[in-house]
Structure formats: C-alpha cells, structure tokens
Amino acid sequence: MRHSVVDYMNIVGEEVIVSIYKLAGKLYNRSMVHINSTYYGGGVAEMLSSLIPLLNDVGISAGWRILKGSPDFFEITKKFHNALQGDSLNLTDNKKRLYLQTNEDFSTYTHIDHDMVIIHDPQPLPLIKFYHKKEPWIWRCHVDLSNPNPDLWNFLKRFIIRYEKVIVSSEQYKKPDLPVEQRIFFPVIDPLSPKNRELPQSVIDSHLRKFKIPTDKPILLQISRFDKWKDPLGVLEVFQKVKQEVDCRLILCGSMATDDPEGWQIYQKVLNRAKPYLDNRDVILITAENHVLVNVLQRSAAVVIQKSVKEGFGLTVTEALWKEKPVVASNVGGIPLQITDGQTGFLFDPMDYDGFARKIVEILNNPDMGREVGSRGKELVREKFLITRLIIDYLHLMDELLNRC
Ligand code: UDP
C-alpha cells in the first residue's frame, strides 16, 4: 500500500508532519533524481523505496534510476566497497577502465533533467564526469570511510571534488583532505513499510510455518547480507558458545543483492560450518528476499545480534530497536550512534566472542532486562531515525541549494 506523509502523524506527531508540508511548499515543481546500483538488498535500496514515493507525495518530483552494470563491473565495485572500508586493492588500469566505461555507457541513455542529482555510493560516482552539469550534484556515501585504501581514495577523489556536497552517515567518516562541504544524514527506517509495520500474530505464525521455523527454543537472529564485514561465521561461533549454556536456535537471514557478487561464496562457507546444526534446524540459513519475513523474524527473536566488523550505519540494528528487541552488537561504525551500552542495547568489541555469548546468555535467562532495554531503543529510533526525518533533511538541502539567491 502506498503511504502518504500524513499517515505518519500518529507515530511522529503533528508538528513534524506540518514542518514537512511547510518546507515542501517552498519547493513545488522542483525535481531531484537519485541514482544507485540496486533495487533491493542492503540499506540504500531500502531507504530509497520509502523516500522516493513520500517525496512525490508532498509535491517534489523525485525520481530513482539504477546504474546498469555487468557482473564484472559489480565484482570491481564490490572490491572498491571493501577497499573503502580498509581492504587492500590492486587498482589496475583495467579495473579503472571498466568502472569508467560502465558509467559512461549509462550516461549515454540516461537523461538527467532535474534540479538536483543525488548519487549513492561508489558505483555511480564517476557519472558526474560524463554529464554537462547544470544543477547541484551531491554524493551520498553510505560506507564507512574512516580508513579507506589510499590508492583508491586518491583515484575516487578526482570525481568527488566535482560534487557540490558530500553526505556521510557519521562524523567519523568526514574526510579532512576533501575540499567539499561534508554533512551528516543519519540513515532511517520506515515504520510503515512491510519490514517494520506491526503484524498480526496470524501473519507471524503463517510465515514461521511457511519457512519451517520452530518456536520451541529462543531464537538468536542476525539479518545481514552474507558479507565478510557482517561476520556470519563469527555469529555461528558465538551461537555455539551460547548453546553450551542455554538451548537455542540461530537464524541467519541474508538476501543476495544484485550488486554483491561475494554473497554466495560466503553463504557456502557458513553452510559448511553450520552442517552439524542443520538437520534438526538449530541453525537456519535463509536467502529469500522477503521483507515481511524479516519483520516476522525480528519480532520473533529473543535476541538480535549484529556482529559486524565494519558497519556504515547498521539499519538492521535500527529495525530491531524499533521492534523493542534487545540487540547485542559490535561497537563499530554507526552502531554506537544507536546503541548506548546498557541503555539501548549492548556493545562489544567484534573480537570479543565471549562477551557476546555471556551477554546473550544473560538476556535469555532474564527476558525482563531485554524488554526494558528494547523499549528505550524504540524511543531513540522514534526521535532520530525515522523516514520523516530524512524527508526533512532532503527538503532542507534542496531549499538551501535551489532557493539560495
Ligand atoms: N535486509 C533484508 N533482507 C536480508 C538482509 C538484509 O531485507 O536478507 C535488509 C535489512 O533489513 C536492512 C538492510 O537490508 O534494511 C541492510 O541495511 P544495513 O544498513 O544493516 O546494512 P547494508 O546491507 O546496507 O550494509
């Protein structure tokens, strides 16, 4: 069902809704286009699917285009993504050539005639080179930029400096060596989307039946792409430690994004390692792309884990907090923006397997403690990380750039 901004009134209050309409009123007939590289899988696609229709709902002509690329292109950009988060990279001329060629090809059949252009992440970053620029271009980078591979960073900087502004997800990701204004937009979730809306018990039960998920043991859950930075093997190890103390079940759910070719290799590794637990369904691996199922799993979990080694922001954490779940997570990237240890969840060093396991056992033995922490998490999300706030951020940005004289 398509939502209108007024539908959010009960969740965020009248004042927020009125401020959105007021801001939008200054921008009627203005347009913006967002470009990223996948329709689904991962946080960016998730946010755009909610943001774009709601901007249109308040009178902004907002469009969304997807960069088309070959499997080789996405192999390269996944390597770039990993290197931006600190991995090493052999930045060959061939890689650079295919990266630029794909962007140039796309530009020849993608006409841009908007008042503002928002480019998401590194895949479509060089597009700016192939257009006659008539409007402000913004680079919205969602990855952790605190320690990028220097060769890659120098190469990408040649494109970034052509942009009017750079938007990142955390203060730590701002780059002192970038002569472009940088600002922060915290990522958000949509409380009315199929992934986050409240669900009747009958829908929860039918999904659990359909995906053969027994409910006789407490469920530990990590929802994440099968990606090394999300450390699914580490989650399995933590689960094994917890299971020695309390009988429980682990669900790892990660759909395969079209711009992430590494997913199946990592899935296979996890599958091999989880073999002893698969027959009795003590470990369940799910690769379906199903938003209601994610919602059902998050609502059915006793504890939500996010054991990332690096994490741009971690919308899965936001989603779990919104559902008042106790979250045990790594103290990395954007996660501490959402979790204050002991207040809205629990934080550990990603290598502290024992810490993770001990806390999970404690919560399983004391569900009241988990509930209390979970409900504080929900209020934090209401205040800072809902889609209505992102709409306001974009409208402010548009107002600032387009109504500046
Ligand atoms: N997601 C999903 N199905 C999956 C795995 C992930 O719908 O099987 C969603 C998840 O619910 C969240 C987003 O993808 O909305 C992941 O965003 P996050 O910021 O946690 O990580 P990213 O994938 O962007 O690194």
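The table below gives the values:
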item	result
Likely footprinting exposure, Thr215, Thr110, Thr102, fewest C-beta neighbours within 10 Å first	Thr215, Thr110, Thr102
Vicinal HN-Hα couplings computed from phi for the stretch 11-18 (Karplus, 6.51 cos²θ - 1.76 cosθ + 1.60; Hz; Gly/Pro x)	8, 10, x, 5, 4, 5, 5, 4
Difference of contour (0.36 nm per residue) and Cα-Cα distance, Ile392 to Phe186	73.0 nm
Relative contact order (%) - criterion: Cα under 8 Å, at least six apart; region: the stretch 90-171	30 percent
Net charge, Ser88 excluded, C-beta distance under 12 Å - Lys, Arg +1, Asp, Glu -1	-1
Relative packing of peptides 74-80, 94-100 - highest average C-beta neighbours within 10 Å first	74-80, 94-100
Whole-number Å³ per residue for the convex hull built on Cα positions in the stretch 175-281	186 Å³
Total charge dipole magnitude, the chain, about the Cα centre, Cβ charges on Lys, Arg, Asp, Glu only, Debye to nearest 20	480 debye
Angle between the chain longest axis and helix 93-109 axis [Cα atoms, degrees, rounded to 10]	70 degrees
Formal net charge of residues neighbouring Lys243 (Cβ-Cβ distance under 13 Å; K, R +1; D, E -1)	-1
Trypsin sites (Lys or Arg not before Pro) within the stretch 276-352: DSSP coil, no more than 16 neighbouring Cβ in 10 Å	Arg281
Exposure proxy order (Cβ contacts within 10 Å, fewest to most) of Ser202, Ser49	Ser202, Ser49
Global form of the stretch 206-249, assessed from the alpha-carbon gyration tensor, a/c cut-off 1.5	oblate
GluC sites (Glu not before Pro) within the stretch 259-333, DSSP loop, no more than 16 other Cβ atoms inside 10 Å	Glu289
Within the stretch 212-280, chymotrypsin sites (Phe, Trp or Tyr not before Pro) in DSSP loop having at most 13 other beta-carbon neighbours inside 10 Å	none
Zero-based 20 Å bins, Cα pair distances in the chain, whole percents	27, 57, 16, 0
Net charge contributed by nearby residues that have their C-beta within less than 12 Å of Ala329 (K/R +1, D/E -1)	-1
Residues of type lysines that Lys228 reaches as a straight line, Cα spacing below 18 Å, ignoring anything fewer than 8 places off in the same chain	Lys78, Lys79, Lys269, Lys307, Lys310
Under 18 Å from Lys243, Cα to Cα: aspartates and glutamates that are on another chain or at least 8 residues apart	Asp216, Asp279, Asp282, Asp352, Asp354, Glu362
Under the Debye formula (equal points on every Cα, no solvent term), log10 I(q)/I(0) of the stretch 231-385 at q = 0.09, 0.12, 0.19, 0.21 Å⁻¹	-0.27, -0.49, -1.30, -1.57
Those lysines that a straight Cα-Cα span of less than 18 Å connects to Lys129, excepting residues fewer than 8 apart in one chain	Lys68, Lys95, Lys96, Lys157, Lys165
Sorted by Cβ density within 10 Å, fewest first, the residues Val309, Val303	Val309, Val303
Length-normalised contact order for the chain - Cα pairs under 8 Å, 6+ apart - percent	17 percent
Sum of -39500 (n - 2.57) over DSSP H runs of 4+, divided by residues of the chain (222 nm, nearest 500)	-14000 deg cm²/dmol
Between the stretch 99-132 and the stretch 191-233, the alpha-carbon center distance in angstrom	36 Å
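Read the figures in this text as sums done on the coordinates, not as results from a lab. This one's a predicted model, so the numbers in the text were calculated from it and none came from an experiment. So basically every Cβ, Gly included, is an ideal-geometry build from the backbone, and we count neighbours across all protein chains shown.
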